[in-house]
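The next block holds one structure in the form of structure tokens; read it before the comments.
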Amino acid sequence: MIDRFLTYLRCELNYSEHTVRAYGSDLNMLADFLTGGKPEEFDPASVTLGDLRAWIAHQGEKNLSARTLRRRTLAARTFFHYLRLTGLIERNPAADLSLPRLPQPLPVFIRDAELERILSPEAFDTEDFREFRDKLIIELLYGTGMRRAELLSLLDRDLD
């Protein structure tokens, strides 16, 4: 059943080979965990939400990164969703399985003194187009508070 699912990911959903390989490994670990080391006896129809939570908790005890735990949870959710779509199981035990949160990187701030030093007239050669352009970009971002995407979408006609 896992092999058919991996073929579905590769051929129908066009997942990358790396993702297919990782999902296959994750699902084989799940089957091994749920059958006590006898993955050939794996019966997805008998899996419960409690079984899946126990597996995720077991994975969490291995000091894996949040990203790895998230991928393994997604592999199980996607697998059981596939089985439900194809009619191989009646209910999806992974439907209520929550994904581990990924840590959000903190924004990097530039201190006022650093910015003043960067924007000082001595820091740029105004005869060089690239340096002048870079200074203008920094001043626009800092002075207006616009986002990078807004700056990238600016056209000549947008400037007054």
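Here are a few things to note about the model shown:
Listed here are the residues, each with its yes/no results for (1) charged (D, E, K, R); (2) farther than 16 Å from F80 by Cβ; (3) within 26 Å of the chain's Cα centre (by Cα).
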position: G36; (1), (2), (3): no, yes, no
position: P39; (1), (2), (3): no, yes, no
position: S46; (1), (2), (3): no, no, no
position: G50; (1), (2), (3): no, no, yes
position: Q59; (1), (2), (3): no, yes, yes
position: N63; (1), (2), (3): no, yes, yes
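- Cβ-Cβ under 7 Å pairs, at least 6 apart or on other chains, segment 1-12 side free of Cβ contacts under 8 Å to residues at least 12 places away in the same chain, far side surrounded by 11 or more Cβ atoms within 10 Å (Cβ to Cβ): R10/V20
- Here L52, L69, L74 are screened, and the one residue that is in contact (Cβ under 8 Å) with a residue 24 or more places away in the chain, in a helix (DSSP H, G or I) and in contact with a Gly (Cβ under 8 Å, 6 or more places away or on another chain) is L69.
- For the condition in contact with a His (Cβ under 7 Å, 6 or more places away or on another chain), assigned to a helix (DSSP H, G or I) and not charged (D, E, K, R), F79 does not qualify.
- Contacts under 9 angstrom Cβ, first residue in segment 133-144 being under 16 Å from F109 (Cβ atoms) and open to solvent by 80 Å² or more (accessible area, probe 1.4 Å), partner assigned to a helix (DSSP H, G or I) and not basic (K, R), 6 or more apart: Y142/L115; Y142/L119
- The number of residues in segment 1-46 that are of a type outside the set (K, R) and part of a loop (DSSP other than H, G, I, E, B) comes to 10.
- From the list Q104, Q59, the one residue that fits, being at pLDDT below 90 and part of a helix (DSSP H, G or I), is Q59.
- Unmet criterion (only one of (1) in contact with a helix residue (DSSP H, G or I) (Cβ under 8 Å, 6 or more places away or on another chain); (2) loosely packed, with under 14 Cβ neighbours inside 10 Å) for E61: (1)
- Check on R101, open to solvent by less than 50 Å² (accessible area, probe 1.4 Å) and either basic (K, R) or under 30 Å from L141 (Cβ atoms) (or both): no
- Just one of the numbered conditions (1) open to solvent by less than 30 Å² (accessible area, probe 1.4 Å); (2) closer than 16 Å to I2 by Cβ; (3) of a type outside the set (S, T, Y) is not true of E40: (1).
The values are calculated or read from the model by the stated rules, or taken from the named source; none is laboratory data. Here the structure is a predicted model, which is why all the values come from computation and not from measurement. Neighbour counts are summed over all protein chains in view; Cβ atoms, including those assigned to glycine, are modelled from backbone coordinates with ideal geometry. SASA here: full protein model, heavy atoms, side chains in, ligands and nucleic acids out. Shrake-Rupley method; radii C 1.70, N 1.55, O 1.52, S 1.80 Å.
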